[in-house]
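Structure first, commentary second.
Values quoted throughout were computed directly from the atomic coordinates according to the rules given, and no laboratory measurement underlies them. Just so it is clear, the structure is predicted and the values come from calculations on it, not from any experiment. Every residue, glycine among them, receives a Cβ derived from its backbone with ideal geometry; neighbour counts consider all protein chains shown.
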Amino acid sequence: MKEQRQHHPPSWAQRFVAWYCKPQLVEDLTGDLNEYFERNVRSVGPRRAKLIYIIDAFKFFRSYTVRTPKFVNLFINWIMIGSYIKTSGRNLTRNKLFSIINIVGLAISMSVGLLLIAFLFDLHSYDKFNENGERIYRITNVLTNREQSSKFPSTSIKTGRLIREKVTGIEEVAILGDGFSADAGVGDNILPINGFWAEPSLFRILTLPMLEGNPNTALKDPYSIVLTETAAAKLFGNESALGEVIQFDTLAYQVTGIIKDVPFFSHISFEALVSFATFEQRSKADEDFEEWTNMWSNYVYLLMQEDADRASVQSQLDAIAREENSADENTTIQLELLPLYDIVVGENLHRSEGQHFVGPHIPPKLLWVLGGLALVVILSASFNYTNLSIARAMRRFKEIGLRKVIGANKSQVWQQFLTEAVMISMVAFLLSYIIFFALRPQLVNMAPEMQRLVKLELTPSMMLAFIVFAVIVGIVAGLIPALFFSKVSAIDAFRNGSSVRVFKHVPFRRALVVVQYTLTLIFITTTAVGYVQYKDILAFDLGFNTENILNINMQGNNPDVLYKELSAMPEVTDLSRSVIVTSIGNAWGGFMKYKDSQDSALVMTNNVDENYLALHDYKLIAGGNFIARPTTAEAVREVIVNQQLLKRFNIGDNDPEQAVGEEITFSNFRGYGRKMTIVGVIKDFHYGKVDNLIEPVAFMFWTPEDPATINAKIQSNDMLETMAKIESAWKKIDRVHPFQAKFYEEAIEDAYSELSVIIKIIGFLSFLAISIASLGLFGMVVFTTETRLKEISIRKVMGASPESLIYLLSRDFLLLLSISALIALPATYLFFKKVVLPNFPYHTPVQIVEMFVGLFMVLVIAFIMIGSQTMKAAGSDPAEVLKSE
């Protein structure tokens, strides 16, 4: 017997029915069509059954079966959005006070966000003008000397040449020498010019468009110089500078190229580039010119090949370092690749005195901190919106109930409240945009470093980021209220919804208030403690005297003439000379060994004259001052050291008296292996900043070969007049360079300007946070007072005093503030004790008074707001309030 063949309807007809039919009808309709098909197969045959199925599929294409097209749903959604906007607008105008509080709070917080966005845009614009920026790297040196390890942005000339010879995967190598600074003479015109010694390959690595000259040959020959547009105009006016001669001292340099001015957002800035061949020729007598350890003022840039492997290049650099370090077991130098885009926003690097090429720098941690603080301020304003929205829930529950009764689903209620939040955010954005323009110059002018770092000028991409940011803030602010109201059922909407809770036993609104005030108290307390610590740092005992000492940078001039002029002034009571100004972050040093030991250490130094110790009140604990008066650096054979140096080498069993007369060996790049005798030991002092431990330090005698800083002790009743006299004396010896002088205490304050800026920013954010929290508290107090007005009136009729009413209304708020204080104060204390203050070995303990300043401020503001509204409610006429009862 033949097996009966199974027949199926046309598959394309089945798909057609499923495509046009409404989802709720498709199953029933296809089931009926399939049943008719099977019956027709038996009665009229499979061919006619398929034809009938196709006809029926088209026949049921009716208005009641066809699903609504997607574009219709989209059109309906647009109509609904218009309705949402209209409804939201009415709600905002109906509740003017709450709308103003939300708009002002969001605007204040969003202005901080706009500043941060503009700040980040500027920072990430650095060096993006370079066409091959992603393949450009700078070599950094990691110097390790026993237990000490420091990373420097500079490296040795030898490093660049070894990389060019031995490393594969490198397309170009350029060596730069720092410190070309001289007076350019063109006829009678003499102007200071700053720049770098550079190889021709620099133009093939960095994008520095040349307007005149050949970039391949412009820096090839000795005594050739390339000027920027501005420098060329400054020296030659409107005349062409190409081919002209510039006189630097007795040497003539030929202008071989003119390049465009270096963009503002560049980590490297200069007026001129001088051929590296000139640097080599002028350094022929320097035995250490190509030494591996001469790493303080030279820089190496690499352009990697497009297919190069960074790990492979790094392994080759490691091999070079191992080979070169084999000469000294105690001191090692490691070579690392630093991407061009990580120079400005990247790891903090050490710098030595005279390095001006390090460029602007911002640690990534600081950006994270600022971003976190800005986020806290924005969330604080969002909490205000959430609190006030949910507080008004009782008034809007009936609205939600009616919406759901007439068919609104969760998504429509959710969209309504989210639209309302975004509308408020966009209005706040317009106000925050105005605040942004008011705050921008304040931020830029907060410190000189900030002016050199950012511009905060608007760009189209920045504006787009602003708008996206405003929408995101609106969504974040409205998300919780939208979810809160969308979950309310129609039945619950007509009941009392005041008991809605997020956690099991904690009302959501109260939790938000606690979080908001906890963050606010942390802000204020951090500012108070940070400010006190900052002031303590500025007033810290450095181990020597800095009062009324004016440090004058001689800028390459012979100090003797000015020294003589100052000596004749009665206001100048004492004078000395030094190479650098210590305790403000400057560094000058070399390697030191004791006796014949191979153990060497990097020791910080300063070259000073015989008057330096007395002028600054250094404490000599053994030996005496310098005896000899050498006139050349090579002839210097005496050294005065601090106690830490004795401990480092165990000189004289750490006994200062026994250490006097001992011999050490000192080397730097001007003199190698000099034997020196310890003639004095001074008490430990802070050579570096206060956030550094006290290091081994050695003072050597200043000679005319050294750079000079004159230290002048001033005693004057009219400091402005005295400064004018000193500046007048300066102009007698140098009419080209501006007078550069700074009082020691002012220089110390400038040295901690970054810390000062951070405290100012945190203080500003604290002010915003407490303002926003106070706005929210005011709104909550107004709402609470309004909802309890009848209760207040009844209590007043029953004889309640204003004090008891204030206590009644403030009790809950004070409880929440107390909880916030119990969280915020210990958290702030632990943050400073465990995170901040360990970075400052010589800090002062956190005082109790500093911790409670913020709490006192918040309580005063809270009492003012609660008291004012309570007194207003207490002053109302009970008869008017209760007349309808």
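Residue farthest toward the positive end of the dipole of the stretch 563-615, with Cβ of Lys/Arg at +1 and Asp/Glu at -1: which of V579, G589, L566?
Selected residue: G589.
Roughly how many debye, to the nearest 20, is the charge dipole of the chain about its Cα centre, given +1 on each Lys and Arg Cβ, -1 on each Asp and Glu Cβ, and no other charges?
That gives the chain a dipole magnitude of about 7620 debye.
How large is ³J(HN,Hα) for each residue in the stretch 463-476, as worked out from phi by the Karplus curve 6.51 cos²θ - 1.76 cosθ + 1.60 (θ = phi - 60°), to whole Hz, x for Gly and Pro?
Once rounded to whole Hz, the list reads 4, 4, 5, 4, 5, 4, 4, 4, 5, 4, 4, x, 5, 4.
What do you get for the angle between helix 508-538 and the principal long axis of the chain? Use alpha-carbon atoms, 0 to 90 degrees, nearest ten.
Taking the Cα atoms of the chain, the angle to 508-538 is about 10 degrees.
Projecting each Cα onto the charge dipole of the chain (Lys/Arg +1, Asp/Glu -1 at the beta carbon, about the Cα centre), which of T419, A511, A198 comes out farthest on the positive side?
Going by the charge dipole, the pick is T419.
What is the ratio of the Cα radius of gyration of the stretch 133-359 to 2.2 N^0.38 Å, where N is its residue count, to two decimals?
Against the empirical 2.2 N^0.38 Å value, I get 1.04 for the stretch 133-359.
Give me the angle, in degrees from 0 to 90, between the Cα long axis of helix 848-874 and the longest principal axis of the Cα atoms of the chain, rounded to the nearest 10.
Rounded to the nearest ten degrees, it is 40.
Taking 37 °C and 0.692 mPa s as the conditions, I'd like the Stokes-Einstein D for the stretch 11-59 in µm²/s, using the Kirkwood hydrodynamic radius from alpha carbon pairs.
In µm²/s, the coefficient is 301.
Give the long-range amide H neighbours of A198: residues separated by 5 or more places, or on another chain, with amide H under 5 Å away, using H modelled in the peptide plane at 1.01 Å from N.
G177, V274, S275, F276
At 37 °C and 0.692 mPa s, grab the translational diffusion coefficient of the stretch 661-777 from Stokes-Einstein with a Kirkwood Rh over Cα pairs, rounded to a whole number in µm² per second.
164
Whole percent per 20 Å bin, from 0 to the bin with the longest distance: what is P(r) over all C-alpha pairs of the chain?
Once binned at 20 Å, the Cα pair distances of the chain give 11, 31, 28, 19, 9, 2, 0.
Using 0.36 nm per residue, how much length does the chain from V142 to A327 gain when fully extended, once their Cα-Cα distance is taken away?
That works out to 64.9 nm of additional length.
Pulled fully out, how much extra length does the chain show between D28 and F437, if you take 0.36 nm times their separation in residues and subtract their Cα-Cα distance?
The D28-F437 span can extend by a further 140.8 nm.
For the chain, what relative contact order do you get, as a whole percent, if you take Cα pairs closer than 8 Å and at least 6 residues apart?
Relative contact order, the chain: 14 percent.
Compute the distance from the alpha-carbon center of the stretch 119-189 to that of the stretch 213-239, in whole Å.
Distance between centres, Cα-based: 21 Å.
If each residue of separation counts as 0.36 nm, what is the full-extension length gain between K683 and S315 once their alpha-carbon separation is subtracted?
Net length gain for the segment: 128.0 nm.
Placing +1 on the Cβ of each Lys and Arg and -1 on the Cβ of each Asp and Glu in the chain, which of S63, V245, S109 has its Cα farthest towards the positive end of the resulting dipole?
S63
Looking at the chain, which longest stretch skips every one of the chymotrypsin sites (Phe, Trp or Tyr not before Pro) that is in a DSSP loop with at most 10 other Cβ atoms within 10 Å, leaving the sites themselves out?
65-502
Just the C-alpha atoms of the stretch 513-583: what Rg/Rh do they give, with Rh taken as the Kirkwood radius?
1.32
How far is helix 719-733 tilted off the main Cα axis of the chain, in degrees rounded to 10, range 0 to 90?
60
With bins 10 Å wide starting at 0, give me the P(r) of the stretch 572-714 over every alpha carbon pair, in whole percents.
12, 46, 37, 6, 0
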